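The values are calculated or read from the model by the stated rules, or taken from the named source; none is laboratory data. From a predicted model like this one, the values you see are computed outputs, not experimental measurements. All Cβ positions, even for glycine, are placed from backbone atoms using ideal geometry, and neighbour counts span all protein chains on display.
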Amino acid sequence: MYNVKENLRKVLADLPEGVRLVAVSKYHPNEYLMAAYEEGQRVFGESHEQELKQKHASLPDDIEWHFIGHLQTNKVKYIAPYISMIEAVDSMKLLREINKQAAKSNRVIDVLLELHIAEEETKYGLTLDACRELLAAGEWRELQHVRICGLMMMASYVEDTEQIRREMMTASAFFDEMKARYFADEDSFCERSWGMSHDYPIAVECGSTMVRVGTTIFGPRVYP
Ligand SMILES: *Cc1c(COP(=O)(O)O)cnc(C)c1O
């Protein structure tokens, strides 16, 4: 087995207090997750509903599952009963559906709004203007079963660390703007989810509170 425990310890040692680790376990087998679990890791990130369903059914109950991928509205109902956080919400339509399904389970689901700042075109997420508009419109305030806990983004996948830093600092400044404007009284709006295997040390310098790290802990993903 890839040296999961040792890698996990190394990543954790890099994280200052106040920065949490989401261990991104998509495409990795249960043994790998259990190795991390035995080291004390409880928060895992998955991005496919079917895979998450199997893992949730067979792994310990006290794992907190974060859905980190693009979520189709027709899949929300399957994860709503148990998901801890949905990290990549990028439309009002999805937010409404999460609210509806959370209500059926009698839950309030924590979510992050995903920003599109990277220059790559294929990425999902709200532009800064679209995010401003979504929050300004105010409909989200009526959704009793979702709680917006912060922002998530992926920086461009590039070698240029200055570009990565620029994008993350943009996200960080935008967080401060939204916090001041809409969430000044909400302690729960506090999460800045940026940083992956190749850029989490930069993310930590750019105000991240939650890094999502897969490959550095579990090794290369094996796609079916
Ligand atoms: C897969 C994935 C990650 C983890 O990527 P690594 O490079 O393996 O650390 C982080 N965030 C999201 C949204 C992902 O889909």
Check your understanding: Consider residue 192 against the criteria (1) more than 14 Å from residue 118 (Cα to Cα); (2) surrounded by fewer than 22 Cβ atoms within 10 Å (Cβ to Cβ): it satisfies all of them except one. Which criterion is unmet?
Key -> (2)
Exercise for review: Considering (1) surrounded by fewer than 18 Cβ atoms within 10 Å (Cβ to Cβ); (2) on the phi > 0 side of the Ramachandran plot, say which one residue 125 fails and leave the rest.
Suggested key: (1)
Point to revise | Of the criteria (1) farther than 21 Å from residue 116 by Cα; (2) of a type in the set (A, V, I, L, M); (3) within 16 Å of the ligand (Cβ to nearest atom); (4) in a helix (DSSP H, G or I), which one residue 102 fails | key: (3)
Exercise for review: Would you mind stating whether residue 176 is at pLDDT 95 or above, farther than 19 Å from residue 67 by Cα and away from the ligand (no atom under 15 Å from the Cβ)?
Suggested key: yes
Exercise for review: Would you mind finding the one in 24, 108, 11 that is under 24 Å from residue 132 (Cα atoms) and of a type outside the set (Gly, Ala, Ser)?
Suggested key: 108
Study note, to complete from the structure: When every residue in the stretch 197-224 that is within 16 Å of residue 172 (Cα to Cα) and hydroxyl-bearing (Ser, Thr, Tyr) is compared, the one farthest from the ligand (Cβ to nearest atom) is 209
Check your understanding: In the stretch 56-72, is there at least one residue being assigned to a helix (DSSP H, G or I), in contact (Cβ under 8 Å) with a residue 12 or more places away in the chain and β-branched (Val, Ile, Thr)?
Key -> no
Review point. Taking the stretch 15-42 only, how many residues are surrounded by fewer than 18 Cβ atoms within 10 Å (Cβ to Cβ), at negative phi and either within 13 Å of the ligand (Cβ to nearest atom) or in a loop (DSSP other than H, G, I, E, B) (or both)?
Key: 5
Practice item. Look through 51, 64 and report the one residue that is within 15 Å of residue 112 (Cβ to Cβ), acidic (Asp, Glu) and out of contact with any His (no Cβ under 6 Å at 6 or more places or on another chain). Key: 64
